1. Being farther than 25 Å from residue A:5 by Cβ, open to solvent by less than 40 Å² (accessible area, probe 1.4 Å) and of a type outside the set (Asp, Glu): is that true of residue B:197 here?
2. If residue B:221 satisfies every condition in (1) modelled with pLDDT under 95; (2) open to solvent by 60 Å² or more (accessible area, probe 1.4 Å); (3) touching a helix residue (DSSP H, G or I) at 6+ places or on another chain (Cβ under 7 Å); (4) not assigned by TED's automatic domain parsing to the domain that holds residue B:90 but one, which is the exception?
3. List pairs: first residue in the range B:132-158 and closer than 21 Å to residue B:183 by Cα, second residue among the aromatic types (Phe, Trp, Tyr) and surrounded by fewer than 21 Cβ atoms within 10 Å (Cβ to Cβ) anywhere in the structure, Cβ distance under 6 angstrom, at least six positions apart or on different chains.
4. List pairs: first in the range B:165-185 and in contact (Cβ under 8 Å) with a residue 24 or more places away in the chain, second of a type in the set (Phe, Trp, Tyr), Cβ under 9 Å, 6+ apart or cross-chain?
5. How many of the residues in the range A:8-21 are in contact (Cβ under 8 Å) with a residue 12 or more places away in the chain, more than 9 Å from every other protein chain (Cβ to nearest Cβ) and surrounded by fewer than 20 Cβ atoms within 10 Å (Cβ to Cβ)?
6. Looking for whichever is at pLDDT below 50 and within 14 Å of chain A (Cβ to nearest Cβ) here; the options are B:43, B:96, B:136, B:61. Which one fits?
7. Which residues, counting only those in the range B:149-169, are more than 10 Å from every other protein chain (Cβ to nearest Cβ), open to solvent by less than 40 Å² (accessible area, probe 1.4 Å) and over 13 Å from the mean Cα position of the chain (by Cα)?
8. Among the candidates A:48, A:44, which residue alone is more than 14 Å from the chain's Cα centre (by Cα) and within 12 Å of another protein chain (Cβ to nearest Cβ)?
Amino acid sequence: MLKDFVEYIAKGLVDEPEQVQVTEQRHGERVNLHLQVASGDMGKVIGKNGRIAHALRNLIKVAAMQEGVRVNLEIG
Amino acid sequence: MDRALRQLGLDESQVEIEILSQGRAGILGFGGEPARVRVHPIDTGPQPGNIREEPEPEDEDGEEDDEPQPAAIRRVHRAERGPRPDSDAVTTAAVDIVEDLLDILDIDADVNPRPPVTPGDGAGMVSAVIDIEGDDLGLLIGRRGETLASFQYVINLMLARKLHNKALVGIDVGGYRRRREESLRNLAGRMAERVRMTGQSVTLEPMPPNERRIIHIALSESPHVVTVSIGEGDARKVAITPRR
């Protein structure tokens with residue numbers, strides 16, 4: 001779910017959705033998500049002053065709470 | 001500028017950009033003007049005199065839009081955004097995105113669009129409000145509505161990407177925004193009364209732009225007080241002062 005969630009949003013934000021890649025590593029209750037996008041799309045997932053990245057992290061917490069895990073999102 | 005490029009059907013590498021004026025945010029949101037840029041297509045075949053001027057929106061996310069502006073200015077800004085997309089298309093796309101996201105999150109909720117009515121709905125700024133109703137949705141609202149604000153922000157970015165325009169929708173969860181607007185209006189009324197009684201200014205807690213806007217509009221017709229936003233960024237707040 002976490003991975004699908006990030007992937008769905010990221011694909012909706014970028015110019016090259018086919019380049020969106022999300023990898024997920026689970027260590028018990030902790031999940032590390034790594035979001036990668038085309039280099040030209042970095043700004044679309046980070047935003048001015050990291051505003052979009054901040055919003056993404058806020059939303060991912062909802063997904064994490066639904067799953068009962070702690071999540072860390074790395075971008076780039 | 002993005003709009004100019006889209007209109008010309010070119011990308012940044014195919015044009016030369018000349019900044020005509022930087023644009024100003026204006027004082028307290030009044031008298032601001034958008035940046036003007038001239039975009040010259042370069043060397044992509046014959047295109048005589050294909051030069052246009054495009055106002056560049058000074059502020060993409062509407063951060064400074066909280067001050068109610070004189071109707072004339074507001075109309076100009078509206079017109080500059082170009083043709084409004086079919087609001088049904090915006091609403092349908094927004095509902096689809098919200099439903100997809102709730103589905104992925106395994107959250108069971110009803111999603112219903114409605115027209116914006118009050119300042120808190122973003123009336124005049126959004127084309128629809130998407131109401132999300134269900135059990136235990138506090139998760140989607142977050143502390144002081146922060147998660148809801150992020151949700152709305154991201155959905156609008158996705159909409160802009162999908163529909164190539166700047167149409168906005170509001171998102172509400174369990175009537176949170178409605179209740180918040182009501183309590184902000186009450187707060188505004190009480191504080192305005194205190195200012196009137198004491199002759200002293202009152203400064204409210206820092207608030208996001210949409211909430212400051214509710215306060216400004218609530219007191220805009222008051223004969224006793226005027227409101228201004230002061231401070232920067234997350235610390236920006238409304239001061240209520242006696243009208244002189």
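1. No; evaluated as a whole, the condition is false for this residue.
2. Of (1) modelled with pLDDT under 95; (2) open to solvent by 60 Å² or more (accessible area, probe 1.4 Å); (3) touching a helix residue (DSSP H, G or I) at 6+ places or on another chain (Cβ under 7 Å); (4) not assigned by TED's automatic domain parsing to the domain that holds residue B:90, only one is false for residue B:221: (3).
3. Listed pairs, sorted by first residue: B:141/B:176.
4. As it stands, the answer is B:171/B:151; B:173/B:151, since those pairs meet every condition given.
5. 3
6. Matching residue, one of B:43, B:96, B:136, B:61: B:61.
7. B:165
8. A:48
The values are calculated or read from the model by the stated rules, or taken from the named source; none is laboratory data. Owing to the predicted nature of the structure, the values given are computational and were not obtained by experimental measurement. Here Cβ is always computed from backbone atoms with ideal geometry, including for glycine, and neighbour counts include all displayed protein chains. Remember, those area values only see protein heavy atoms, side chains included, never the ligands or the DNA or RNA. Shrake-Rupley method; radii C 1.70, N 1.55, O 1.52, S 1.80 Å.
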